[in-house]
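The values are calculated or read from the model by the stated rules, or taken from the named source; none is laboratory data. Since we're looking at a predicted model, the values are computed, not measured. We place every Cβ from the backbone using ideal geometry, glycine too, and count neighbours over all the protein chains shown. These accessible areas exclude ligands, DNA and RNA; they are computed on the full protein's heavy atoms, side chains included. Shrake-Rupley method; radii C 1.70, N 1.55, O 1.52, S 1.80 Å.
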Amino acid sequence: MARGKQFGARPWLACEITPSRVITARASKNAQQLEMITSRRLAEGALKPAMSGNNVLDATALANAISTALAAVGGNSRDVIAIVPDAAIRVLLLEFETLPAKPLEAEGVVRFRLKKALPFDVEQAALSYEARRMGKSVQVVAAISPKEVVEEYEAAFRAAGYSPGVLLPSSLAALGMVEAQMPTLMLKVDPHSITVAAAEREELRLMRTLDNPHGENVSATELAEAVLPSIMFFEDTFGSRIEKIFISGAASISEVGPMLHEHTGARVEELAPVISSGQILTGDNFPPSMMAGVAGALLA
């Protein structure tokens, strides 16, 4: 992960690693639209996303999937935005009265706060954060993971012949597609985790990643039970009712959408880019909402 903000031109290739497949996309040079998108399946057991232990269990299979998928969309470019599963990176919202002006001093303050919340060595972890003043306080969105976990994913891209100049957790990437002037919630589901993010006036207000013990077989009822406490917390804390819910990833909007609408009254939509069949290159079939990560990373 990069430290602080990114400088220079944004890559126009993105590649998301999920437990079941690798998804790649190419944006137009002005980052206004996706030009091509494709995917390659991963063998079961090739990847086990977590913040401890080995994540990449079949390095050769993962590197081959990255290489072939990016080669299909990327031409000669080797710079790529790398997107990894939410289970491998922890995202936290922190609030400070103030932060030091010098970046290294500010980073030290952020790391010190994170020590109280995380079960691994924060001083040696890979950290990226963005700080923004909101009224009388400073809000920090911090993404952190053990260094060895991040290096595993970066190594897979380098083995495939690509340079992962930017590395993002899946949900932060997908949030690039969300316009949230009104109180808005995003639900992103994969076989290992359930992530709930809420925003209002284009400001991230809440982000929680929960274990998904049910895997790909998680039911609409189980998803609703996981999400509703976060919705209640948001509404109680910020005094606003969620008006729109976006669903992304492995969740079926036809099943969980009506249930969430019944409980909240919010409009429920699939979070997916608008693309034509001609933009999808040969690859395996997958739900359009699984494209949200690469689309949000490239077009935000």
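Packing order of peptides 116-123, 157-164, highest average first: 157-164, 116-123 (average count of other Cβ atoms within 10 Å over each peptide's residues). Between ASN54 and ASN76, the simple label model (points 7 Å from Cα in the Cβ direction) yields a spacing of 3.8 nm.
Computed on the chain, with alpha-carbon pairs under 8 angstrom and 6+ residues apart, the relative contact order is 21 percent. Summing charges over neighbours of MET259, with a neighbour being any other residue whose Cβ is under 12 Å away from its Cβ, gives -4 when K and R count +1 and D and E count -1. Cross-link partners of LYS48 among lysines, defined as those whose alpha carbon lies under 28 angstrom from its own and excluding same-chain residues fewer than eight positions apart: LYS115, LYS116, LYS147, LYS188. Shape analysis of the chain yields a ratio of the Cα radius of gyration to the Kirkwood radius, Rg/Rh, of 0.95.
For GLU44 and GLU123, what is the calculated FRET efficiency with R₀ set at 30 Å and r taken between the beta-carbons, to the nearest 0.05? Plugging the Cβ-Cβ distance into 1/(1 + (r/R0)^6) gives 0.25. Over region 3-87, accessible surface divided per residue gives 46 Å², non-protein components excluded, 1.4 Å probe.
About its Cα centre, the dipole of the chain is roughly 900 debye, where the only charges are +1 on Lys and Arg Cβ and -1 on Asp and Glu Cβ. Membrane-span-like helices of the chain, defined as complete DSSP H segments with a Cα extent of 15 Å or more along the helix axis and a mean Kyte hydropathy of at least 0.5, are identified as 59-74, 220-238.
Among 179-190, 83-94, sorting by the average number of other beta carbon atoms lying within 10 angstrom of each residue, highest first, gives 83-94, 179-190. Electrostatic tally near ASP58: other residues with Cβ closer than 14 Å to its Cβ, Lys and Arg +1, Asp and Glu -1, net +2.
Count Lys and Arg as plus one, Asp and Glu as minus one, and take only other residues whose Cβ is under 9 Å from that of ALA197; the net charge is then +3. Rounded to the nearest 5, the antiparallel percentage of DSSP beta bridges internal to the chain is 70%.
Per-residue ellipticity at 222 nm computed for the chain from its helices equals -9000 deg cm²/dmol, with DSSP H segments shorter than 4 residues left out and the rest contributing -39,500 (n - 2.57). For region 10-90, with all protein chains in place and a probe radius of 1.4 Å, 43% of the accessible heavy-atom surface sits on carbon or sulfur. Comparing SER39, SER77, SER171 in a Gaussian network model of the chain (Cα springs below 10 Å), the most mobile by mean-square fluctuation is SER77.
Ranked by the mean number of other Cβ atoms within 10 Å per residue, highest first, peptides 16-27, 257-268, 195-206 order as 16-27, 195-206, 257-268.
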